[in-house]
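Asker: Just dropping this structure here.
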Amino acid sequence: MYSFRDPSKSRKPGARGLMLALALCAAGAVQAQGTGKYPGLGRDATPKEVAAWDIDVRPDFKGLPKGAGSVERGMDVWEAKCASCHGVFGESNEVFSPLIGGTTADDIKTGHVARLKDPGFPGRTTFMKVPTISTVWDYINRAMPWNAPKSLSADEVYAVTAYLLNLAGVVPESFTLTDQNMAEVQQKMPNRNGMTTAHALWPGPEFGKNAKPDVLVKACMSNCLPDPKVRSALPEHARNNHGNLADQNRLVGAQRGIQTAAESKGEPAAAAPAAAAVPQALLDKNGCTACHAQQQKIVGPAFADIAKKHAGKADYLSERIRSGSSGVWGNIPMPAQTLSADDAQTLARWLAEGAAQ
C-alpha cells in the first residue's frame, strides 16, 4: 500500500535533506528566470548555442578561425562540391552569375576595377565587385555548398577561397591561404578601394560626426506621371505560337519572358493522377524547393514535369535523387543528395504517383 507518512519522519537517511535541496533548486530556478528584462520569460543562451550562430567573419577578420588551405587542395574541393553550379573555372552563367572574370593586373595594383565603369562590358562578376576577401570566406563558410551548407571544414573553406583567388589572378598556384596571411591578401583584392561609406546609411562616428542618413527625402506629389497602360498585347492566335516564352528565358536577370501557355490565361491545367500526400517536411528538410517548384521550372524541372516524365518509376527516381543526375533536363546537373534511402523512396514514390499538391 502507499504510505502517506510525514517525509520529515522518514527512516531513510537524508530524505529530509534531499527534499530541502530540491526545494532550494526550484526556488533558485524561478528567481533566475525573474531577474532578466522580461521576468519569467526565456533564458540565457548557452555558450554552445552562441558559438553555433556566432560564425560571421568581419572585414577586420574578427571571427576568422585558424586554418589553412592551398590552391591545389581548393581545386579538388571545388571540382567535387562547387563546379556543378559555378563551372570548373568559376565562369558558370547558366544559372548563377560568373564568379571570376573582368579583373586585370592593373586592378589588383589600384584596388579599383576599371570595367565596372565600362558600359560595353557585358557583366559583373563577384570578384569585380566584392571589396573584402573576408566576405568571400564568410559566405562560403556559412552557405556553401547550397545543398549542404556549413558542411565544409575551415581548411576546405580556406582552400576553396585560395582557388578562387588564384583564378582571379590575385595569388599564384603555389599559394596557401591561412588565417595569418589573409590580411596581406586583402591588400591585393581588385576592388578593395571600390567600397564607400559616404552614403551615411549607418550611424557612427567612423562615417563622420555630422553625417545624416538619407532617410529624410520627401515624396514628390506634383507633376506626377499618369499610370502606365498596356497598349499592345499578343493577339490570341499568336499566343504560344513558338512555345511558352517564359520557358525560353533565363530565370536570373532582368529579362523574363511572358507566360504564354494556356495556364497563364486562367485555363485549368490537366488534372494530375491520384498520388500520395505531398511530403512537404522532406522537401523542406532537404532543400528540394530551392531548385524545384510544383508547376514551374526554377533551376531544375518542376515536380509536375518530373511526375509526367517518370510516372510509375519510383525506384529509378529514388536512385537519381541519391546519386545525382545530369543531362536529363538540360546542362545543369543535380548533385548527389545525402538523405536516407527511406526518405529518397518517399519522395520518389510521391513523384512517381503524380506529385499531387
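Asker: Ranked from highest to lowest mean number of other Cβ atoms within 10 Å per residue, what is the order of the peptides 321-332, 305-316, 184-195, 162-173?
Answerer: Listed from highest to lowest mean packing, they are 162-173, 184-195, 305-316, 321-332.
Asker: Moving on to the next point. Among the trypsin sites (Lys or Arg not before Pro) within region 53-96, which fall in a DSSP loop and have no more than 12 other Cβ atoms within 10 Å of their own Cβ?
Answerer: Passing sites in region 53-96 are K62, K66.
Asker: Shifting gears a bit: For H112 and E49, FRET efficiency with R0 = 35 Å and r from the beta-carbon atoms, rounded to 0.05?
Answerer: The value I calculate is 0.25.
Asker: Separate question: Which stretch or stretches of region 161-185 have amide N atoms under 16 Å from the point lying 7 Å from F61's Cα along the Cα→Cβ direction?
Answerer: Only 161-162, 171, 176-185 fall inside the zone, counting backbone N under 16 Å.
Asker: Suppose R0 equals 22 Å; then what is the FRET efficiency for A83 and K308 from their Cβ-Cβ distance, rounded to the nearest 0.05?
Answerer: So, using R0 = 22 Å, E works out to roughly 0.15.
Asker: Right, here's the next one. For region 68-186, what class follows from the C-alpha gyration tensor (a ≥ b ≥ c being the square roots of its eigenvalues): rounded when a/c is under 1.5, otherwise prolate if a/b is larger than b/c, else oblate?
Answerer: Since a/c reaches 1.5 but b/c is at least a/b, the shape of region 68-186 is classed as oblate.
Asker: What is the calculated FRET efficiency for D315 to A154, with r their C-beta to C-beta distance and R₀ = 51 Å, to the nearest 0.05?
Answerer: Step by step, r from the Cβ atoms, then E = 0.85.
Asker: Counting only the backbone N, which residues of region 121-161 are under 17 Å from the spot 7 Å out from the Cα of N193 toward its beta-carbon?
Answerer: Residues passing the 17 Å test: 128-133.
Asker: Still on this model: At 0.36 nm per residue, minus the direct Cα-Cα distance, what do K129 and E173 gain on full extension? Give it in nm, one decimal, please.
Answerer: Length gained between K129 and E173: 13.6 nm.
Asker: Also, I was wondering about something else. Could you tell me the relative contact order of region 68-186? Use alpha-carbon pairs under 8 Å, at least six residues apart, and round to a whole percent.
Answerer: Taking the mean separation of contacting Cα pairs over the length of region 68-186, I get 39 percent.
Just so you know, all these numbers are worked out from the coordinates, no wet-lab data involved. Everything quoted here is computed from the prediction, not taken from an experiment. Cβ: placed from backbone, ideal geometry, glycine included. Neighbour counts: every protein chain shown.
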